[in-house]
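The structure under discussion appears below in the form of structure tokens.
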Amino acid sequence: MKDDSTPTTTGQDAGPALSRRRLLTAGGAAGVAAMTVGSVPKVAAAADAPPVDTSFKDFVISKLPCDDSLAKIQAKGELVVGTSDDWPYSFYPAGSSEWTGLDADIIKYVAKMLKIPKINVQTAQFSALIPGLLDGRFDIVGDSIHWTLARSKVVEFCFPTYYYSEWLAVKKGNPLKLNSFADMKGKKIATMIGTNYNEWLAKVDGIDLVTAKDWQETLQDLVIGRVDGIIYDQPVLAASFKDHPEWPVELAAGYEPRTFKNPVGYSRYAFRMGDAQFTNAFSSALEWMQDSLEMSKILTKWNLTGYNN
């Protein structure tokens, strides 16, 4: 039986939000290149592992000869999370002070497991999240973020959370039988300008490519029948369709994403390299959530499936 207490959340807007999905390998790359990593704490002798919520059956964290980053967060009683206030991952609904979203739900669950009673949410542009983490403004980048070679040189990543890929959305029933890029030849296909999806589609001869400045415009083009299909982030499309079951659109069941389903294709969270104790404990909690199917329950809430595990 798990404790039903949920960490309280507070928040502060640190600047305008910016969509992270331009290129999966981008998002702060310029900022990363300009950063230098601060001094890494000295490795200490192995000490007793910080306490965890024992109501989560068989959940333990490793006793490591490392820093005391988790112990410090527990002593402070507050986890400071940096996000870009980006739906459906980590956001504040209009008129609400309740932090919510796919990643928000995961992080709040882990905070309970690690006995952290309060979450302080700080919002910033996506490109400012890693610099803010390294400057000590946040304890974690709690937004959907992918491993890249550039990022891995300055931050540590936790255990993968959920598979994040593109997907093809089509009219209900998929009357044109669109399931691959080859099927799209001679068809009008839309995506958001500046994305890697835009680059992929532009290289396919015969596609009538339509681009829009934001994903909402792209989605509406499909809903009203202006285009035959769209390519965009699967979690965004899935959550949108759950919120609007009246729309005559669906995810193409036969589509095979071009984003490889390996650890690099999974969403994660970023940590300071010196915070080994906290990173390891967070990863252990995520592994427990996967094994106990608690992660699957959260994904289902946001209209994702076992494919995303």
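The values are calculated or read from the model by the stated rules, or taken from the named source; none is laboratory data. No experiment lies behind these values; they were computed from the predicted model shown. Note that each Cβ is placed from the backbone with ideal geometry, even for glycine, and that neighbours are counted across all protein chains shown. These area figures cover heavy atoms from the full protein model, side chains too; ligands, DNA and RNA do not enter into them. Shrake-Rupley method; radii C 1.70, N 1.55, O 1.52, S 1.80 Å.
Within segment 140-161, does at least one residue satisfy the condition of being more than 25 Å from GLY265 (Cβ to Cβ) and among the charged types (D, E, K, R)?
No, segment 140-161 contains no residue that is more than 25 Å from GLY265 (Cβ to Cβ) and among the charged types (D, E, K, R).
Which is crowded, with 23+ Cβ neighbours inside 10 Å, of a type in the set (Phe, Trp, Tyr) and modelled with pLDDT under 95, of PHE126, PHE138?
PHE126
When residues of segment 166-179 are filtered for being among the small types (Gly, Ala, Ser) and either touching a Pro at 6+ places or on another chain (Cβ under 7 Å) or surrounded by fewer than 15 Cβ atoms within 10 Å (Cβ to Cβ) (or both), how many remain?
Within segment 166-179, residues that are among the small types (Gly, Ala, Ser) and either touching a Pro at 6+ places or on another chain (Cβ under 7 Å) or surrounded by fewer than 15 Cβ atoms within 10 Å (Cβ to Cβ) (or both) number 1.
So, in segment 147-165, how many residues would count as being closer than 22 Å to ALA239 by Cα and open to solvent by 10 Å² or more (accessible area, probe 1.4 Å)?
The qualifying residues number 1.
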